[in-house]
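Reading through the structure tokens given below for one structure.
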Amino acid sequence: MDLRQALVEVVGSRHVLSDPELKSSYERDYTGRYGGRARLVVRPADTEQVAGVMAACARAGAAIVPQGGNTGLVGASVPRNGEVLLSLQRLTAIGDVDEAIGQVTVGAGATLAALQDAAKAADQDAALDFGARDSCTDGGVVACDAGGARALRHGTARAHVAGLEAVLADGSIVSRLAGLTKDNAGYNLPQLLVGSEGTLGIITRVRWKLAPLLAARVAALVPLQTAREAADLLRALRADAPSLESCDFFLDEGLELVLEHQQRESPIKDRSPFYVLAECAAQSDPTEELAAALEDAGIDDALIADDTASRRGLWTLREGHTDAINAAGVPHKLDIGVPLRELDRFIDAVPGAVEQAGAERVILFGHLGDGNVHVNVLGADPDDERPDEAVLELAIKCGGTISAEHGVGVAKAAYLERARGPAELAAMRAIKRALDPDNLLNPGAVLTATRGR
Ligand code: FAD
Ligand code: MLT
Ligand code: ZN
């Protein structure tokens, strides 16, 4: 029996796509930089079907690229070399919220927004959020260990995973969904799969830890002159505003691009080079706490947003960067993390490094509180690695990481050894060989396929 027929027997003919037109929306990534042809697109409906698909692919020696909402930004959610594209989007079931312990079990294909809504309906909070919320899936979020603005207070996806269910490369199912707070029985396989970007197993369900819902919120947009001032402000807010939840930043050039793209007037009349967007959340109104912290930090020109609509208005300026940049060209997206003491050195040095590498333009924004800078290079050929190399080298020199929250994917796989060193890379390769001996799961993502495989 050929692979197509074997897959049809598992999921039904409607859910095995071979028509190029039907496959095309699964074959190009969000940035437009990465993509290729899928041998087939297969869309299982539940864990058992995922296991059947994996077993059939293992028997046929067929490589697989798992895909959730296809909002990943490192090229690993799309086929490159005729792999089978495994879409998890039909696994959308969301269980009842266990209010006593604050947990819920969600299907890998449910969107982040659906998880947020389910939590809110039970007066709880999923406590993770970012601009792709309506399309990205919970399986994808966990597979990337996504972060976003609220990670400053609540941690990245990893901090929310109380357990998960997954299908391994041979089709076997592993399940830890009891959500036990304490469970030291053996290696923590669920946490190994967090951030593994579809290279060690297919996540089918996630046991998600919720947080108490803090309904009282206030945001402030603070115009500043330099990255150094921003780092000082962060220090002050952390010390004086315990309800601080997010502290993001963007620059005036990015703001201009967003305003043009959203066809909107600037809410800030006196423009400045650097902006910090901070948000506080608490049981009772944190406005006074934030205002006092800003005053102590010598800030008297912040724009305060104390209702939902005006807060959203400010956040769309920050979240709108991704799409505004995409509309300006195919970006090279580099997601850097640096120690806070190095932040201003890194931010000041990036434009020169990018220009020397032959690119025209760079837009910076990100999650200040996490030292997480999104470096978006425009005007470079998609295959020209020089700007990527320059920015990633600079990050390593500053004691930082080549991937703070987007993952390694295929975009940064070639740089991983430089960032982590040979011993750590050898350990990663050993883990990969143990769980996926035939290199069928997202080959070329995270680890390059060249050595040792
Ligand atoms: P996909 O893009 O489909 O896949 C991402 C990776 O996970 C791929 O390697 C894929 O093979 C693997 N994968 C997907 N599903 C599974 C599964 N069930 N089992 C195993 N592997 C799987 N990220 C941040 O961290 N912080 C942000 O603030 C942020 N903001 C974003 C804003 C926008 C507008 C966009 C487009 C993206 C943003 N991202 C952000 C990127 C982020 O990583 C993704 O949005 C999200 O985590 C990916 O989910 P997805 O379902 O789209 O996964
Ligand atoms: C963000 O913080 O908005 C995201 O990580 C998306 C991006 O970097 O474009
Ligand atoms: Zn981000």
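Brief remarks on what is shown
- Pairs with Cβ under 6 Å, 6+ apart, first in the range 190-205 and within 16 Å of ligand 2 (Cβ to nearest atom), second of a type outside the set (S, T, N, Q): GLY195/ASP145; GLU197/ALA76; GLU197/ALA143; GLU197/GLY407; GLU197/ALA445; GLU197/VAL446
- Residues that are within 18 Å of the chain's Cα centre (by Cα), among the charged types (D, E, K, R) and away from ligand 1 (no atom under 11 Å from the Cβ) do not occur anywhere in the range 64-84.
- Helices (runs of 4 or more DSSP H) contained entirely in the range 260-331, each with at least 1 residues that are without any contact (Cβ under 8 Å) to a residue 24 or more places away in the chain and of a type outside the set (A, V, I, L, M, F, W, C): 287-296, 308-319
- Counted residues, the range 112-150 - those being among the basic types (Lys, Arg) and either within 16 Å of ligand 2 (Cβ to nearest atom) or in contact with a Pro (Cβ under 8 Å, 6 or more places away or on another chain) (or both): 2
- Residues satisfying the stated conditions in the range 1-44, i.e. assigned to a loop (DSSP other than H, G, I, E, B), under 28 Å from the mean Cα position of the chain (by Cα) and surrounded by fewer than 17 Cβ atoms within 10 Å (Cβ to Cβ): GLY32, GLY36, ARG37
- Here SER310 passes the criteria (1) in contact with a helix residue (DSSP H, G or I) (Cβ under 9 Å, 6 or more places away or on another chain); (2) polar (S, T, N, Q); (3) within 29 Å of ASP129 (Cβ to Cβ) except the one numbered (1).
- Leading residue by the ranking (surrounded by the most Cβ atoms within 10 Å (Cβ to Cβ)) among those in the range 355-371 that are within 13 Å of ligand 1 (Cβ to nearest atom) and part of a strand (DSSP E or B): PHE365
- Of all residues in the range 372-383 being in a strand (DSSP E or B) and either more than 16 Å from ligand 3 (Cβ to nearest atom) or β-branched (Val, Ile, Thr) (or both), the one that is nearest to GLY329 (Cα to Cα): LEU378
- Exactly one residue among SER77, SER87, SER18 is without any contact (Cβ under 8 Å) to a residue 40 or more places away in the chain and either closer than 23 Å to ALA449 by Cβ or among the small types (Gly, Ala, Ser) (or both), and that residue is SER18.
- Looking only at residues of the range 372-390 that are of a type in the set (Val, Ile, Thr) and under 15 Å from ARG33 (Cβ atoms), we find that the one that is surrounded by the fewest Cβ atoms within 10 Å (Cβ to Cβ) is VAL377.
Readers should treat all values here as calculations from the given coordinates under stated rules, not as data from a laboratory. This one's a predicted model, so the numbers in the text were calculated from it and none came from an experiment. Quick reminder, even Gly has a Cβ in these numbers, built from the backbone with ideal geometry, and neighbours come from all protein chains shown.
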